[in-house]
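Quick notes on the structure that follows.
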Amino acid sequence: MSLVVVGVDDSEESLWAVEWAAGEAARRRQPLLILHAFIWPGLGVPLGPAPGAPPEGGFRHAAERVLAAALARAQKVAPDIEVSTDLPETDPATALLHRSQQAEVLVVGSRGLGEIGGLLLGSVGARLAAEASCPVVVVRGPVTTHGHVVAGIADQRESEALLAFAFAYAASTANVLVLAHVSTNGSPGPGLPDSALALWRERFPAVAIVQQSLTGHPGKALMRAASEASLLVVGSHHHHELSALMHGSVSQAVVHHATCPVAIIQVRR
């Protein structure tokens, strides 16, 4: 069954991710699954309240409260969608990668799953972007669907999946898509030919297309182009987290610094 999956912790960033995920589930008319990885059982620590502490104390009750808060936020944003929760007893990356196999999109907050998970503050975030079986969306701040959508195009031959995601999102929200063409050598990126755009215009006639050639460092140029956007869509060419970290990929750069949500689409060669 296709669904939208969002990973949460007890941070405000993860609740923003829940809001984005709930809105996307409503736009797609798909169920939403809220996941909180419960790593403590594997570490052998006591899960219940300490002796003499209130009965609502302890790690398990805290995890259940995280899910309850996320569930309430999702139902407030999109009351008509089906929402479920999951508390897998494993590490965040393993849990999210497993669920990505059934998901249409995987959503996380920029602070990830707290200091323990370290999501998008190290190799766990790079692993999600490189290995997830579906697009990964990283939400950095309060959610808005206002503003155009920006798609970073680095290679015309490998942009099919990226464009499909960007056009579909733009069609359900802003109806304006900026195709931002980047080049790794500092020169302006070439635009897509009319023949290539004709098929997309036919599939998404309501979306206004703007082509923009960017110069300079690809990551910085894309972040400038998306400074007022509702979503930035980029491709990831790395298929292992160490490769993404060692080579300083554009997708990793914009995830850490972009002011809007970032969708990372795996580009298969």
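The values are calculated or read from the model by the stated rules, or taken from the named source; none is laboratory data. This one's a predicted model, so the numbers in the text were calculated from it and none came from an experiment. Counting neighbours? That spans all protein chains shown, and the Cβs are built from the backbone with ideal geometry, glycine included.
The table for this structure:
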quantity	calculated
Odd one out for Ala95, checked against (1) touching a helix residue (DSSP H, G or I) at 6+ places or on another chain (Cβ under 8 Å); (2) at pLDDT 90 or above; (3) not in a loop (DSSP other than H, G, I, E, B)	(1)
Where Ala72 falls short, out of the listed (1) modelled with pLDDT of 65 or more; (2) of a type outside the set (Val, Ile, Thr); (3) not in a helix (DSSP H, G or I)	(3)
Selected residue [at pLDDT 95 or above and touching a helix residue (DSSP H, G or I) at 6+ places or on another chain (Cβ under 9 Å)] from Ala78, Ala129	Ala78
